[in-house]
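Visitor: Pasting a structure here, questions to come.
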Amino acid sequence: MTTLTEKVTVLITANLHALVDQALQRNSLAVVDQYLRQVDDQLANLADAAATVGGEVKSLERRLGDLDQQAAELDQAVDRLLTQGQEPAAAAAQSRLNGLRQLRETYQAHHGRHAQEYQQLLEMRAKLEARQAAMRQQRAELQALLELARSKEAVVRTLRSLDDVRGAGDSDLSRLAQGIYARLDQASTAVELRAATLDEQIERVLDQQTIAGQLAERRERLRLPAAGR
C-alpha cells in the first residue's frame, strides 16, 4: 500500500507544465504518452487495491453487526437471569458479554483503519483521474499544435527554396525550440515576410507595365515612333 501510495502521489504531484515544455522542446509527444501509460497502470492498481480494501471493510461491518446482535441478546439474558434469581448464570453471561464488547472494540479499530485506507484510495483515484483527463486534453491540443507548426515550417522551407532571400525571418525561426507558440508565431512571420517580398516584386512589375502603357499612349497621341525604333 505504501509503495502504491508513493507512486500515485508522484503522478498526482507531477508538474504537467514541465511535461508539456519537454514535449514542445523535443517536438514529440513521447514524454506525455509515457506519463499517461504510467497513470493507466496506477489507476488499475488503485482499482484492485480499492476493491480488496473495500471488501475487507464490508466484511468487518458484517462482523460488527453480528457482534452487536450477540451482545444485545446477552445483555437481555443477563437481565432475565438476574430477575429469575440465577446469579451464577447471570455472572457468566455478563462475562461473555464483556468479552464480546472487547472483541467488538478490536474489530471496530480494524474497521476504522480499513475504512480510512479505502477512502484514501478513492480520493487518490479521483485525483489521478482528474490529472489523466487534463493531460489527455493537453495531449490533443499539443498534437494539433505540433502538426500545425510542422505544416507552417514546411511552407517556410518551400518559400525559401524559391530564391536566396534572407532577412529578419531567419533570426525568428532560429528560436523555434523555445516553445510551440513561439514556433508558430515565427513560422507565420516568415511566411508573411516572404509573401510581402513576392507582393513587392509583383507590384514593381505591374508598375513598370503601367508606365510603359502610359508612355505608349502618349507616343501614339503625339504620333511618335514606338520605343526602340
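Visitor: Taking 25 Å as R0, compute the FRET efficiency from the Cβ-Cβ separation of Ala47 and Leu103 and round it to 0.05.
Guide: E(calc), rounded to 0.05, equals 0.20.
Visitor: Shifting gears a bit: Please identify which residues in the range 32-76 have an amide N closer than 17 Å to a label point set 7 Å out from the Cα of Arg96, following the Cα→Cβ vector.
Guide: From the range 32-76, the list is 66-76.
Visitor: Can you give the relative contact order of the range 2-146 as a percent, counting alpha carbon pairs under 8 Å and 6+ residues apart?
Guide: 37 percent
Visitor: Once you order the gyration tensor axes a ≥ b ≥ c over the Cα atoms, which shape class does the range 1-140 get: rounded for a/c under 1.5, otherwise prolate or oblate by comparing a/b with b/c? Provide the component values of the computation, followed by the final result.
Guide: On the way: a/c = 6.34, a/b = 5.50, b/c = 1.15.
Prolate, since a/c reaches 1.5 and a/b exceeds b/c.
Visitor: Further question: Please give me the summed charge of the neighbours of Val57: other residues whose Cβ is under 14 Å from its Cβ, Lys and Arg +1, Asp and Glu -1.
Guide: Once positives and negatives cancel, what remains is +1.
Visitor: Using modelled backbone amide H atoms (1.01 Å from N, in-plane), which distant-in-sequence or interchain residues come within less than 5 Å of Ala14's amide H?
Guide: none
Visitor: On to the next question. Kirkwood hydrodynamic radius, computed over distinct alpha-carbon pairs, for the range 82-157: how many Å, to one decimal?
Guide: On the way: mean 1/r = 0.0536 Å⁻¹.
Kirkwood hydrodynamic radius for the range 82-157: 18.7 Å.
Visitor: Okay, next question. Work through the residues other than Ala71 whose Cβ is under 12 Å from its Cβ and net out their charges, Lys, Arg +1 and Asp, Glu -1.
Guide: Counting the neighbours of Ala71, the net charge comes to -2.
Visitor: Name the residues of the range 23-38 whose amide N is less than 14 Å from a point 7 angstrom out from the Cα of Arg150 along the C-beta direction?
Guide: Correct set: 24, 26-30.
Visitor: Pull up the cross-link candidates among the lysines for Lys7, meaning alpha carbon to alpha carbon under 21 Å and not fewer than 8 places away within one chain.
Guide: Partners found: Lys127.
Visitor: Based on the mean of other beta carbon atoms within 10 Å per residue, what is the order of 115-124, 90-99, most packed first?
Guide: So the order, starting with the most tightly packed, is 115-124, 90-99.
Since every read-out is calculated from the coordinates, none of them should be taken as a lab result. All values reported here derive from a predicted model rather than from experimental measurement. Heads up, the Cβs are rebuilt from the backbone with ideal geometry, glycines too, and the neighbour counts pull from every protein chain shown.
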